[in-house]
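Taking it in order: structure first as structure tokens, then the write-up.
The values are calculated or read from the model by the stated rules, or taken from the named source; none is laboratory data. Here the structure is a predicted model, which means the values were calculated and not measured. Every residue, glycine among them, receives a Cβ derived from its backbone with ideal geometry; neighbour counts consider all protein chains shown. Keep in mind that these areas ignore ligands, DNA and RNA; they rest on the heavy atoms of the full protein, side chains included. Shrake-Rupley method; radii C 1.70, N 1.55, O 1.52, S 1.80 Å.
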Amino acid sequence: MARGSLRIYLGAAPGVGKTYKMLGEGVRRVERGTDVAIGIVETHGRIQTAEQIRNLQVMPRREVEYRGTVLYELDVDAILARRPEVVLVDEYAHTNAPGSRNEKRWQDVEQLLDAGIDVVSTLNIQHLESLNDVIKRITGTVQRETVPDAIVRRADQLELVDMAPEAIRRRMAHGNIYPPERVDAALANYFRPGNLGALRELALLWVADRVEESLTGYLDAHGISDPWETRERVVVGLTGVSGGDALIRRAARMAGRVGGQLIAVHVAVDDGLSHEHDAELAAQRKLVAELGGTVHDVVAPDTAEAMAAFARREKATQLVLGASRRSRWHELVQGSFVARVTRLAPEIDVHVIARVEGAGSERMPRRRRPVAGRRTTIGSLLVVVGLPLFIALTLPLRDSIDLSTELLLALVVVLAIAAIGGWVVGIVAAVVASLLLNWFFVPPYGTLTIGATENLISLVVFIVVAVVVGALVDLATQRSLEARRARLDAEALVRSTTSLAIDPHPVQRLVEQIRTTFDLAGARLEGRVPLGDDVAVVIASDGDTAADPTIRLTLASGTLTLYGGTLSADDERLLQALADQLSLAIENHALAAEAKEATALADVDAVRTAMLRAVSHDLRTPLASIKAMVSGLRDSTVAWTPDQIAEALLTVDEETDRLTMLVGNLLDASRLQIGALAIDVQPTQVADVVAAALYSANLPGGRVRVDVPADLVPVLGDAALLERSLANIVVNAERFSPLDQPVRVEAASIGTDVHLRVVDRGIGIASDERGRVVQPFQRLGDAPVGDGVGLGLSIANGFVTAMGGSLMLDDTPGGGLTVTIVLPQATDVAVPGGAR
């Protein structure tokens, strides 16, 4: 019997329409004459989904009793007895009730497929086993019902049911996913825009990977080796040489413009002779990863063949190579690398990027400098003294050793002289050594006459080998010195750049680094130079500044003088680069100081203006009411009834409370402004804080509804400050909420945090206004003048931020504002000791 086919509708989250699509597929198949039955469907009370069932036959469910409760599961036996052509099975990842034949519903589906029945099912991305830990980090929820990825990948058809996060939240707010009593909690927790966006991306990537697997399998099955340009795949070669980072960035831009994939490959030759630029290659690998690409390594005897084969294997559409650094002679002898790759992979577009000298952050290689005079003198002295001494030491062995052995020993001495004195001294040493060997070791002795032809050839070969090898040794010595100097220069630039990046006041450190880099006796920076938060006139690094100055540089804000030492031309170029960074540090510090001063003045001016406005309007109103009531009560010409006296006293009491709150908020705002707020962070019970906040708010009965679980984990916070914050938020919410819509205070644990929400049904706050209303003395444009000074949300935000939490403003579904206080849980968290 042929196995049935499996079709899965995959969604990023509940409510995207998977079940709706599955039922619609069943209806279409019935209309085409296919025998379709519904094995099990979960409509969750959604009217539109239930209407899709139409005339489809619904199979009876199997009843399973578990702990006194009857559960309804898929009846596999009934479906096997009925044997429809297609069966619809909702919720592929569902866990069956204990006592069922199979533990998971996907195992029931496997039985139906083995029986030759086609199955159409639904699945959410969070139920895939491989994504379980990722889903937990995103949503804070552990998925208990999972399906192995391999089972889902075996599906014959996999269709993504996609919907934008905003659309899902609208459906939720309209009551099309969950019942009304669950809407607010769902929108504030699992169905947050960030969560839905991340889940959507996971679903799209997973399906895209599945599609690529299918395409690769098809190409392999049909023997298709040419790339299909369904997606641009840009391959770039890594060599580790200077300028490679520019090549990588160019390839990344090419891939990014077409939404393609960046793939880097490093081909290592397996002859064991090639030199690898390990540091540069590691930096290029890191750059590829930062640009979103992948890096592969290939070991092969031929670089061009390996590059072409890799590009074909990866189905590359474009291959990016750098212009050759080899000489024309090398290309004439061994051929062009680019030409060979182009010939070996004619179906791939090959881009050759011009080599830009000095690209990137590396310094240009220095011109080869002559060996220092001291080393030349030592080498010349060795020619005059060392070679005669060598002849004198080996002359007693003339009759016991061959001429070839003597020539090899002399070659060692000549190479040592060339390494010390340079290639010119090496050539002189080779000629002098050959003459001495001819005089003392070649018959007839004591003359320059050479009796045997083979001795002549040996001496000529000795001179040639000594000159060539000596030149190579000298070249290697020069390259080693240049590499060491370049490394030291690079380290100096890195240290100065690091100081600029991490040190808030890097001037003193940069001056000291310049002194130590060039091993100078002292360095002095004069002028109006910022040091810390002050302005210094002179900065002198450790060292002697009494000697004559070596060099003096004029900077933007002063003069840099260096003492005690000599600088080469290369040293002066490096010094200029370091001096430029020093000037940049001085300029940045000056600009930062000016910006800080301007910001502080602006803040002070804004606070002063707002404070005067608050005093002139909001504080005067309760004082005027209290004054009027007290003056009236004291007027002996007015006959007050007991009810009128009680009402007047109540007004005085309410206005006094209002005045007390205003003054308290002003004091809190001033403490936050100057940073004089003492905080004692301790494990705090949310329920206790909520009760205390509502008591201090003193709101009319029935205006606040509380939903805080009794077993909610404690939070890390200051109980007093959290109470003040919550009281201000609740008072603000009650002020704007309609009389028939009480304010809701809810709390829930999400991941490692606790979310404390205050939900109202008021006018809400536009998204572009939310950043402004948490600033001091800011109110909505239509708020009455006497309705607070605009400090409630500002103080709450300041207190919560000081405790290490965050305050968020969101829309309430159906209208209103939801203010959420997010604080970390106190479980398994070290609590800072004492106040801070």
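So the values come out like this:
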read-out: Contacts under 8 angstrom Cβ, first residue in the stretch 168-180 being among the charged types (D, E, K, R), partner open to solvent by 50 Å² or more (accessible area, probe 1.4 Å), 6 or more apart; value: R169/P193
read-out: Matching helices (runs of 4 or more DSSP H) fully within the stretch 682-776 where at least 1 residues are farther than 19 Å from M808 by Cβ and not β-branched (V, I, T); value: 686-697, 719-736
read-out: The stretch 133-150, residues that are buried (at least 17 other Cβ atoms within 10 Å of the Cβ) and more than 27 Å from the chain's Cα centre (by Cα); value: T146, V147
read-out: Which listed residue is without any contact (Cβ under 8 Å) to a residue 60 or more places away in the chain, more than 21 Å from E63 (Cα to Cα) and not polar (S, T, N, Q), from H127, H94; value: H127
read-out: Residue in the stretch 74-83 that is under 50 Å from the mean Cα position of the chain (by Cα), surrounded by 19 or more Cβ atoms within 10 Å (Cβ to Cβ) and over 12 Å from A37 (Cα atoms) present; value: yes
read-out: Near pairs, Cβ below 7 angstrom, 6+ apart or cross-chain, from the stretch 796-814 (in a helix (DSSP H, G or I)) to any residue that is open to solvent by 20 Å² or more (accessible area, probe 1.4 Å) and not hydrophobic (A, V, I, L, M, F, W, C); value: F799/R724; V800/S806
read-out: The stretch 267-300: number of residues that are open to solvent by 70 Å² or more (accessible area, probe 1.4 Å), among the hydrophobic types (A, V, I, L, M, F, W, C) and either at pLDDT below 80 or touching an Asp or Glu at 6+ places or on another chain (Cβ under 9 Å) (or both); value: 3
read-out: Cβ pairs under 6 Å, 6+ apart, first in the stretch 674-696 and among the polar types (S, T, N, Q), second open to solvent by 30 Å² or more (accessible area, probe 1.4 Å) and at pLDDT 80 or above; value: T684/P714; T684/A719; Q685/P714
read-out: Spans of helices (runs of 4 or more DSSP H) in the stretch 386-472 with at least 2 residues under 18 Å from R375 (Cα atoms) and either touching a Ser or Thr at 6+ places or on another chain (Cβ under 6 Å) or among the β-branched types (V, I, T) (or both); value: 403-421, 423-441
read-out: Filter pass, L389 being open to solvent by 90 Å² or more (accessible area, probe 1.4 Å) and at pLDDT 85 or above; value: yes
read-out: Residue list for the stretch 1-60, filter: of a type in the set (S, T, Y), within 42 Å of the chain's Cα centre (by Cα) and surrounded by fewer than 16 Cβ atoms within 10 Å (Cβ to Cβ); value: S5
read-out: From the options A252, A246, A203, residue that is modelled with pLDDT of 75 or more, closer than 30 Å to A309 by Cβ, open to solvent by less than 30 Å² (accessible area, probe 1.4 Å) and within 28 Å of the chain's Cα centre (by Cα); value: A252
read-out: Counted residues, the stretch 85-131 - those being closer than 26 Å to T69 by Cα, open to solvent by 50 Å² or more (accessible area, probe 1.4 Å) and not small (G, A, S); value: 5
read-out: Positions within the stretch 632-644 being surrounded by fewer than 13 Cβ atoms within 10 Å (Cβ to Cβ) and in a helix (DSSP H, G or I), in sequence order; value: R634, P642, D643
read-out: Qualifying residue in the stretch 151-158 (condition: polar (S, T, N, Q), open to solvent by 50 Å² or more (accessible area, probe 1.4 Å), within 18 Å of K21 (Cα to Cα) and in contact (Cβ under 8 Å) with a residue 24 or more places away in the chain); value: yes
